[in-house]
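**Student:** Dropping the structure in here first, questions after.
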Amino acid sequence: MGFFEKIRGEFVDIIEWTDSSSDTMVYRFQRHDNEIKMGAKLVVREGQAAVFVNKGKIADVFVPGMYTLETDNMPILSTIMGWKHGFHSPFKAEVYFVSTRRFTDLKWGTKHPVTLRDAEFGPVRLRAFGTYTTKVDDPAKFIREIVGTDGHFTTDEITDQLRNMIVSRFADIIGESKIPVLDMAANYDELGEFVSNKIGPGFAEYGLVIMKMLVENISLPEAVEQALDKRSSMGIIGDLHKYTQFQTANAMEDAAKNPGGMAAGGMGMGMGFAMANQMGGAMGTPPAQQQQQTPAPQSPPPIPQAKEFHIAINGQQHGPFQISAMQPYIQNGQLTRETLVWCQGMGQWTAASNVPELAKLFGTTPPPIPGS
């Protein structure tokens, strides 16, 4: 610094900071050799705090307002320097202006997928991202823990550390929450608030406070999302056979509009019908019928079951009896040619002589003796 700049600095008695940037968190006031005149004016605007540092130690902190620097309003610095009342000589001190406004739209996101166990999909990997808002709550602690002697500290110098803290807490929270993956979209606000509460103490260690945290998206791997899209499409389509017919009808309409002529259109319709039949057979046939259409190994047919008949004796139904078991009833006279019988497949009760299977049983029985 030149001689005239040095002289001008000694006579400048206003200490203030105006900044149009949106990412500056701390700015060290530039003064030659850090010399400040006793009685100088200090202007601290809304959204700022001024921190005085002397010999590497934080002294006084000023909130928004205008101050005339005297021993009365610098009690800590006066104690450190051993000043007495009425001291007017210049003194040395570093002045750091700390922005206490909110820093918005800061990004966070998972660098690597978070693996967790879902009740429906089993083990899945999730990615998440969003934004958060923070501000300096304790300027002295922020300078002591984070800034140090940095004369121009911006959000870029701390966002990586804050993002790592958020992601670490977020992974732990969604792992413990047991919220199904498909239900997470309905719980973004709750997750953001819960994560804010969990990481609040970590931010406080740096002199920061988290004002708002937003979860913008939680996503599955691309392959899983594609499978989920197919599953959703199947649910929307519903009846695959009707959907195939609809698609075929559209294809036929497009073929009719083809400028290639009716021949091409007719060929297209023929191919459309063939595809519809094939796809309809593949998708419209129930699985049980598809299994029946598959050729089965050759095996003997089942043995035919013998017919069983019910007989009416004295107005009461008896049976069912197989034909081989009906001979004793014929011999004792309970079953005659006129006895009504019935079996599965017959429309009504019929005389035994009218049933071919039973009529031959009576042919082997001698007729009654005349006159008996």
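Readers should treat all values here as calculations from the given coordinates under stated rules, not as data from a laboratory. The structure presented is a predicted model; accordingly, all values stated were derived computationally and were not measured. We place every Cβ from the backbone using ideal geometry, glycine too, and count neighbours over all the protein chains shown.
**Student:** Taking the Cα-to-Cβ direction at residue 332 and at residue 83 and moving 7 Å from each Cα, how far apart do the two end points lie in nm?
**Tutor:** Each label point lies 7 Å from its Cα, and together they span 13.5 nm.
**Student:** Shifting gears a bit: Starting from the Cα of residue 23, step 7 Å toward the Cβ, then list every residue of region 82-121 with an amide N under 20 Å from that point.
**Tutor:** Of the residues in region 82-121, 97-111 have backbone N under 20 Å from the label point off residue 23.
**Student:** Still on this model: Can you work out the FRET efficiency for the pair residue 13 and residue 211, with r the C-beta to C-beta distance and R0 = 45 Å, to the nearest 0.05?
**Tutor:** Given R0 = 45 Å and the Cβ-Cβ separation, E is 0.80.
**Student:** What FRET efficiency comes out for the pair residue 35/residue 112, r = Cβ-Cβ distance, R0 = 45 Å, nearest 0.05?
**Tutor:** Plugging the Cβ-Cβ distance into 1/(1 + (r/R0)^6) gives 0.30.
**Student:** Sticking with this structure for a sec: By counting other Cβ atoms within 10 Å of each Cβ, how are 143, 179 ranked from fewest to most?
**Tutor:** Ranked by crowding around the Cβ, least crowded first: 179, 143.
**Student:** Once the other residues with Cβ under 13 Å from the Cβ of residue 55 are scored (Lys, Arg +1; Asp, Glu -1), what is the net sum?
**Tutor:** So the surrounding residues net to +1.
**Student:** List the residues, sorted by chain then number, that are 5 or more residues from residue 93 or on another chain and whose placed amide H is less than 5 Å from its amide H.
**Tutor:** Residues meeting the criterion, in which the H sits 1.01 Å from N, are 36.
**Student:** Please list, ordered by chain and number, the residues whose modelled amide H lies under 5 Å from the amide H of residue 216; skip anything fewer than 5 residues away on the same chain.
**Tutor:** Long-range HN contacts for residue 216: 129, 130, 131.
**Student:** At 0.36 nm per residue, minus the direct Cα-Cα distance, what do residue 63 and residue 249 gain on full extension? Give it in nm, one decimal, please.
**Tutor:** 59.4 nm
**Student:** Still on this structure: What is the magnitude of the charge dipole of region 103-223 about its Cα centre, with +1 placed on the Cβ of each Lys and Arg, -1 on the Cβ of each Asp and Glu, and no other charges, expressed in debye to the nearest 20?
**Tutor:** 180
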